[in-house]
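Notes to accompany the following structure.
The values are calculated or read from the model by the stated rules, or taken from the named source; none is laboratory data. As the structure is a prediction and not an experimental result, all values here were calculated from the model. With ideal geometry, Cβ positions are generated from the backbone for all residues, glycine too; neighbour counts draw on all protein chains shown. All accessible areas refer to the heavy atoms of the entire protein, side chains included, with ligands and DNA or RNA removed. Shrake-Rupley method; radii C 1.70, N 1.55, O 1.52, S 1.80 Å.
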Amino acid sequence: MNGIDANIGDVWKEPSGEATDVVLSSRVRLARNLAGFNFLSRATRDDRRQITRIVQSRLVQSGLIDSLVWVDLDKSESLDRLVMVERRLISKQHAKGDEPRAVILSEPDERLSIMVNEEDHLRIQMMRGGMALEDAYDEIDAIDDKIESVIEYAFCPRFGYLTACPTNVGAGIRVSAMLHLPALKLIGEIDKVRRAAKSMNLAVRGFYGEGSEAIGEIYQISNQTTLGKTERDILASFSTGIMPKIIEYERHARRRLMENRREIVEDRVNRALGTLRYARLLNADEAIRLLSQVRLGVVLGMIEDLDLSTVAELMLISQPAHLQKVIGTELNQAQRRAARAALMRDRVASH
Amino acid sequence: MKCDRCDNEATVHEVTIHKGQKVEKHLCEQCAQEDGIAIQSAQSIPPSLMQQFTVGIGQQAQKANRSPSCTNCGMSYTEFRQHGLLGCPDCYHTFEKQLLPLLERAQEGGTDHIGKTPNRSVGALKRQRQLTVLRKQLADALASEHYERAAELRDELRDAGVDLSSATADADEDAAT
């Protein structure tokens, strides 16, 4: 269907951003609503349908933005929706329900996705592999301008872009980075990062987003303030103020580990590699934990026959929906554990 | 936050430790009941304590009742507080007074947009925004005693045709708060 298959996009495969030793991906999201419509909590089914029609005809059918694919989520297969959740193209909430709603994806790399009728009428998201928030913002800003030339946004001078939840009002911008912090976790300093981030009004989330635990020492950090600051200020304080400090902190911790506890790190990395090569049953969380260790091993030069883009791909295809796409058939949980282990054995051993 | 099972707002949050792993559940009341999670009834709370709460709720409810619902979408302030989502763009105007303190808390004190402005609202909004930014910068410059920068900003504001007496008054007022 509509371009959703098990092949992962270039955004994941060939990270264009910086600091890929620590940063898996970075993204910028803009929340926008159409003027003249209620927000979705007060929208009728007909309103929702009208919104999807307007957006589809003006953005996609008009060819306003190149290479866009429209996916009607209320008519799509649930497995396809889960693939998109795992790839972070749509939210978990957006995958549920039977109301008229959609997602627009940019082909072929899926770096742009626009959720239509999620919490806001439009949630425009630009993703990059590695750290490249300025670049992502430049592109999303230009796309936002294009959209705004054909769709009038709900906006007022005082509060800016009006959003369903007042926590997004103003610039409506969320910048975030997915960070891999295994060394800080290992030396027990991860809570310091959490506390520091919170004190700077940043949200820290786990691998699966809101309310989730950090699996495989992967953390998603994002800004929370959207009012009273310009987009550039929000971007700058995040990507040149805070992120470099966390990235350097993790790198420092890795250096310390290599100097003082090299054997322990090597043991963990190679145990993980061994499990991936020989296990017969693996659940998704365990796969992520093992791949997290392997990723560290690749960065530290302990594993030479795997690279970061392969690890990123394995992290994705170890997820339930991707796994079923790769295998090409629906599997129950027990079948998935066996299939996942077989897939990992094959992909990791073949390197 | 929405319920893990359905689209309702999650109001019951349960954290348990299972085999050393933290398991979080966020459910709406109905799904929580189906899941057998006991929701503590008001009866188990000592009456004296309960009274304190209900008095507070009563006052709040009265306050909320006094504030009118949104004339466009019919959303009441109480409803907004229950779900955290406004009903339409007009709600920002209807509930401006109540929203301001919430915004201040959630937005590090920010109550005015100084970011991007849609191009389509032509020059007017943009100019207004630029002036707001200049005013804020002037206030910051004065507060941090960067008088040279403040003078430059005052010139910029004057060039933009702003009545300086009021701009400075604004800035001074801002700087003082």
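Contact order normalised by length for chain A, with contacts defined as Cα pairs under 8 Å and 6 or more residues apart; what percent is it?
Working: 600 pairs, mean separation 69.2, N = 351.
After rounding, I find 20 percent.
Taking θ = phi - 60°, what integer Hz values does the Karplus form 6.51 cos²θ - 1.76 cosθ + 1.60 yield along the range A:109-126, in sequence order, with x for Gly and Pro?
Per residue, the Karplus-derived 3J(HN,Hα) values read 8, 6, 6, 9, 9, 10, 7, 10, 6, 8, 6, 10, 4, 10, 10, 9, 10, 10 Hz.
Describe numerically, in nm with one decimal, the distance between label points set 7 Å from Cα along Cα→Cβ at A:Arg49 and at A:Asp138.
4.3
Considering the options A:Asn260, A:Ile234, A:Asn168, tell which one lies farthest towards the positive end of the dipole of the range A:118-271, charges being +1 on Lys and Arg and -1 on Asp and Glu at the Cβ, about the Cα centre.
Value computed over the given set: A:Asn260.
Ignoring any ligand, DNA or RNA, what whole percent of the accessible area of chain A comes from carbon and sulfur when the probe is 1.4 angstrom?
Numbers: 6140 of 13740 Å².
Roughly 45 percent of what the probe reaches on chain A is carbon or sulfur.
Given a 1.4 Å probe and no ligands, DNA or RNA in the count, how much accessible surface is buried by A and B, both sides, to the nearest 100 Å²?
Values: alone 15600 and 13330 Å², together 25130 Å².
Counting protein atoms only, the buried area is about 3800 Å².
Search the structure for amide H atoms under 5 Å from the amide H of A:Arg101, placed 1.01 Å from N in the peptide plane, and list their residues when 5 or more places away or on another chain.
A:Leu73, A:Asp74
If R0 is 41 Å, what FRET efficiency do you get for A:Leu79 and B:Glu104 from their C-beta distance, rounded to 0.05?
Numbers: r = 44 Å, r/R0 = 1.08.
FRET efficiency, A:Leu79 to B:Glu104: 0.40.
Report, by chain and number, residues whose modeled amide H sits under 5 Å from the one on A:Gly170, excluding near sequence neighbours (fewer than 5 apart, same chain).
Residues meeting the amide H criterion: A:Tyr161, A:Thr163.
Once you charge only the Cβ atoms, +1 for Lys and Arg and -1 for Asp and Glu, what is the size of the charge dipole of the range A:262-349 about its Cα centre, to the nearest 20 debye? Kindly include the intermediate steps, with their values, before the conclusion.
Numbers: 13 positive and 11 negative charges, 64 e Å.
The calculation lands at about 300 debye.
How much length would be gained if the chain were fully extended between A:His252 and A:Ala338, taking 0.36 nm per residue of separation minus their Cα-Cα distance, in nm to one decimal? It would help to have the intermediate numbers written out before the result.
Values: separation 86, 0.36 × 86 = 30.96 nm, distance 3.80 nm.
Length gained, A:His252 through A:Ala338: 27.2 nm.
Taking the Cα centre of the range A:10-254 as origin, sum charge times position over the Cβ atoms of Lys and Arg (+1) and Asp and Glu (-1), and report the length of that vector in debye to the nearest 20. Let's see the in-between values first.
Numbers: 34 positive and 38 negative charges, 162 e Å.
With only Lys, Arg, Asp and Glu charged at Cβ, the dipole is about 780 debye.
Counting only residues 5 or more places away or on other chains, whose amide H sits under 5 Å from the amide H of B:Met75 once H atoms are built in the peptide plane?
Sorted by chain and number, the residues that satisfy this are B:Cys70.
Give me the accessible area per residue for the range A:262-349, probe 1.4 Å, as a whole number in Å².
Working: 3970 Å² over 88 residues.
Dividing the accessible area of the range A:262-349 by its residue count gives 45 Å².
As a test question: what accessible area, to the nearest 10 Å², does B:Met1 have when a 1.4 Å probe is rolled over all protein chains in place?
That residue has around 80 Å² of solvent-accessible surface.
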